[in-house]
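Step one of this worksheet: look at the structure below.
None of the figures in this text is laboratory data; all of them are computed from the coordinates on show. These figures come from a predicted structure and were not determined experimentally. Here the Cβ is made from the backbone with ideal geometry for all residues, glycine too, and neighbour counts use every protein chain on show.
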Amino acid sequence: MINKFSKTMSFIVVIGAILVMIGWIFDIDILKSILPQFVTIKFLTASCFLLSGILLFMILKNSENRNDWNELMLLFIGFLIILITAVLMISLSLGITTGLENLFIAEAPGTVETPSPGRPAVVTTINFVLVGISGLIIFSRIQRLLIAIRFFGFILIFSGSLVILGYIINIPELYFKIGNISSAMAVYTAILFILLGTGFLSFNTNNAPKDYI
Amino acid sequence: MNLQKKLIASYLLITLMPILLITLLFYTNIRQSQLAAQQNLLEQIADSKAKQVQTFFDDFQEDMNLTKDNPAVKRDLQILASAEDNLKSPEYKQAREDLDSVSQSLIKELEIEALLVTNFKKEVVYASNQKYEKPQSIQEFFPIVGSSAIDYAKNGIYISDIFIDKKDNNFDFLVTGSLQTDNDSFNTIIFVVNAQKLYDILHEKIDSYKSGEFLIGRLVSNNSGSSGYPYDVSGNSVLYLSPLLFNPFAAFKSQISIGSSLGKPIQMAVQGNNISGFDLDYRGKQVLAIGRFLPKQKWGLITKVDVDELVLPVDTVLKAISVFSLVTLLVIIFIAWLLSRGISQPILELTDIAKKIGAGDLNVQISERLVTPKNEIGILAKTIFESASKLQDYYKDLDRKVKEQTKDLEIKINEAEAAKKAILNVMEDLNNEKDMVERSKARDEAILSNIGDGLIATDEKGTIQIINKIAQQMLGWQEREALGKSIMEILPIKDEKGNLIPYENRPLNQALQGQVVGSSLIQAYRAKRKDNTEFLIWDIASPIVLKNRVVGGVIVFRDVTKEAEVDRMKTEFISLASHQLRTPLSAIKWFTELLNDTKLDKEQTDMADNIALSTERMIELVNSLLNVSRIESGRIVINPKPTNLGNLAKDVIKELQQKIQERKISVNVNVLETLPEINIDSQLIHEVYMNLLTNAIKYTPVNGKIDMTISIKAKDVISQVSDDGIGIPKDDKNKVFTKFYRSADAIKLEPNGNGLGLYLAKAIVESSGGKIGFESKLDKGTIFWFSMPLTGSIPKKGEVSLDS
């Protein structure tokens, strides 16, 4: 039952990500930002959500039917998310533009609340790092680390909720706008994090396969 | 998925992703940089070209000024213009010649097609080229731009739009400059210039780009062809004025509508915008286009190169990177395979070895290369090998011990087998015994349940162990109440005087001493029920002997109250009848004897003898009946006294001497010399001898033989009477000792007989503690024998004796 709920969350996140990507490809503003004056959810963020939704689904599938192919997929997706977000974080900290932000679709400079076009918010990248680590935890087959997945889910929900609150009561710091360093987290991003976090939080750690260490 | 594949797949994924990402990023960045650089370059080229085009036209403007300001040209132009009717005058000719020289010089220098001069009427008064020779209106030569070009020239040097010259279908344009004459009219000098010079400028290469081109266009109305001067700001189409690189015949033929998705750069440029960016050209191909608006000509000048060609160097680098990445990937796969093989192969080998060991094959060989490494695999391999070796030694030692033990075990097994067989046999016998016991028990239980008499079994102390239903019913005691109690409590008995018979005197006690004791009707006991009512019983007590030891006793008793009554009645009847019969019989006998004493004739004497004989038989029958009755009722007295059986037998023979002699039978008597006297009731045994010998005499033919033998056998005295008479049929052998039995042959031989003799003899012998039997062969003879115990008969109290 619980895993079914988590799977539903993963589906919703994937669909949401695809819609955002469609919005960027066909330049549909409503799919990029809830309101024109709010920051847009980046194409790269949507790509990471797509991967995260698939990752969550694979985690659940692996807990039901552990096999090596599932785990390799988890390794692949988890590592890819970590790679992308780690590159973003390092490029931000070193002040380097790698071009990753606009790799597929370039965002025009000067967009709302976005010092660096195409680059997600810092907190967004940190959250995705946690998501990527979740996939590697499953790959590691260390049972006592499984609880961390639920903890990561809690962090996603918390950060998403803070952003929503920030937009409601209009406190930019709550939606992580950090001067010219980091763009704010978009509303859509916050919503997707809440859904994704709910999926991770609901993950049934008691269903670990028998051969977990 | 095996370990090796998993390792390779993991390596692959982990290395592939960064490589792909880096390649993608690198390519994107390089491409963007390349395009940005090219854009800068192209903008410079576009600006330069725009300047070049402008200079091209400016030069013509300058030349026209020079030509126009040339005094000689002025004078000559005036002469020509004013010499309407006098074309043959020498001044006209001279002026013409001068102008020819100038025009030739200009044509050569400026590379123009022709130089024309028109008068104020716009008629061509001079043409350097013969094709413009005839004096005609300029409109006839240049219908689109001719008139307007002359008009605009009044305001300054005018350069017309490019047009198609009908005379030679060339693309030309006019440069016009006005000259005011003395009489205030205007003559116009017209340069007819071939636009090819312009096209040559535009057809210059853009760097080394094959797809690079310059093109010009202007705004026109749809399908209007050349709109001419002034610039048509309301136009909604772009007309290409120059041949296109990919469409050489496009000049003045191809148009693009404003708003079309194609040719966006030229659309923007002709509308006065300077643009720089990426868009689709007239072919629909992505190009980098720099658009410049030429304000004097109101033209749009486009400098463009295909994006594909611009990024070609980058794509080439990308291909190189891809090849490099592919090679790297293959190397990584190979290295991953090698590394994983280095881990998985030893593990696989160790797995096979472990499987063999698990299957019992301890004689495994581990190769040196497995145990040599000092890593975990080497340690594991060494440990497995040592474990296998130790196991092998252990099993060898175990095997040796087992073999040693096996020999003993085999012996013991054989012994055990034999014991087992014996046990099995015993068990089989036990099972059979058990079956038999169970059957016997079931039979006994059935017998006990169905026996018509009461039965009580006790142990050696008289404690009740079994009491059957009939006993329970008769005595009023339930089984659970009676079991375990003393016989004295459950079945107390009294004698005929009503005195309780003590345990010591009870038949049971005697039975427990080893005797079979029974009461008769004469000695029926009075038993007391649970409810203290009394009734008569007749019982037999027998010992239960197991392995020659008395372990208990059985009492079988019957309620003989009715039988006692019947017996009493029978006894009374018999007594009465016998006495009643005997008296008349005695009287008949007596009177018969008296009659014989009288004088009778022969016939009367015969009658009297018959009467006497019949009477004698009847008396004998009555006596026999009486004796049978007495014996059956147990009333006969047995009074044993020391008696010599030999003498007794001889006495009987003497008594039967007459009959013996009548039949001429020889009788031999053999008596053991050392025959002791035994305690017997001589009267009773006399009767036995009498019956046996009487029968022998009766059924032995005349001149036959009878042997009488008395001997000792074991603990008995055996008396045997054998004859060679008619014998007893086989079918009748079971009936011999029954009441009134006589075989058919016997009846034929001796019709007179009551059939009670042998019954009586048996009854007497058995009640005296002996046994009786016979052997017989038909027509050969019969041997009757009876035994009496050397210990003698047990005395018995009774009421009567035989024949009393």
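Brief remarks on what is shown
- The antiparallel fraction among DSSP beta bridges confined to the protein assembly as shown stands at about 95%.
- Taking other residues whose beta carbon is less than 10 angstrom from the beta carbon of B:I470, and scoring Lys, Arg as +1 and Asp, Glu as -1, yields 0.
- The alpha-carbon atoms of the stretch B:1-133, seen along their principal axes, cover 114, 26, 25 angstrom, with the largest extent given first.
- Calculated from the alpha-carbon coordinates, the stretch B:651-804 shows an Rg and a Dmax of 15.2, 44 Å respectively.
- DSSP-defined beta bridges in chain B - what % are antiparallel, rounded to 5: 95
- All Cα pairs of the protein assembly as shown, percent lying beyond 42 Å: 72
- Amide H contacts of B:I493 (H built 1.01 Å from N, under 5 Å, at least 5 apart or other chain): B:I501
- Relative contact order (%) - criterion: Cα under 8 Å, at least six apart; region: chain B: 6
- A straight line joining the Cα centroids of the stretch B:772-804 and the stretch A:24-77 runs 126 Å.
- Extent of chain A along its three principal axes (Cα atoms, max minus min coordinate, largest first): 53, 34, 30 Å.
- Peptides A:32-42, B:277-287 ordered by average Cβ neighbours within 10 Å, highest first: A:32-42, B:277-287
- Relative contact order of chain A, defined on C-alpha pairs under 8 angstrom at six or more residues apart (%): 29
- Here is the P(r) of the stretch B:274-392: all C-alpha pair distances, binned every 5 Å from 0, give 2, 9, 11, 10, 7, 6, 5, 5, 5, 4, 4, 4, 4, 5, 5, 4, 3, 3, 2, 1, 1, 0 in whole percents.
- Our compactness index for chain B, the C-alpha radius of gyration over the empirical 2.2 N^0.38 Å, is 3.03.
- Helix-derived mean residue ellipticity, 222 nm - over chain B, DSSP H n ≥ 4, -39500 (n - 2.57), to 500: -16500 deg cm²/dmol
- Around B:F278: net Lys/Arg minus Asp/Glu count, Cβ-Cβ under 14 Å: -2
- Other protein chain Cβ atoms within 10 Å, averaged over every residue that makes up A:74-82: 3
- Averaging 1/r across all pairs of distinct Cα atoms in the stretch B:595-701 and inverting the result yields a Kirkwood radius of 16.7 Å.
- On Cα atoms only, tilt of B:645-655 relative to the major axis of chain B in degrees: 60
- Restricting the calculation to Cα atoms, the stretch B:366-432 shows an Rg/Rh of 1.53 when the hydrodynamic-style radius is the Kirkwood one.
- Peptides B:385-392, B:424-431 ranked from most to least packed give B:385-392, B:424-431, packing being the mean of other C-beta atoms within 10 angstrom over each peptide's residues.
- Averaged over the residues of peptide B:7-19, the number of Cβ atoms from other protein chains lying within 10 Å of each residue's Cβ is 3.
- Taken over the stretch B:658-747, the percentage of Cα pairs per 5 Å bin, counting from 0 up to the bin with the maximum distance, is 3, 12, 19, 22, 19, 16, 8, 2, 0.
- Of the peptides B:769-782, B:394-407, the order by per-residue mean of other Cβ atoms within 10 Å, starting with the highest, comes out as B:769-782, B:394-407.
- Once the Kirkwood radius over Cα pairs is known for the stretch B:317-470, the Stokes-Einstein relation at 4 °C and 1.567 mPa s delivers a diffusion coefficient of 52 µm²/s.
- Once the chain from B:S105 to B:E593 is taken as fully extended at 0.36 nm per residue, the excess over their C-alpha distance is 153.1 nm.
- Binned Cα-Cα distances of the stretch B:649-700, short to long, each 5 Å bin given as a whole percent: 5, 17, 28, 24, 15, 9, 3
- Average partner coverage of B:29-42, which counts Cβ from other chains inside 10 Å: 1
- Principal semi-axes in Å for the stretch B:68-130 [√(5λ), Cα gyration tensor, largest first]: 19, 13, 11
- Net charge contributed by nearby residues that have their C-beta within less than 12 Å of B:Q61 (K/R +1, D/E -1): -2
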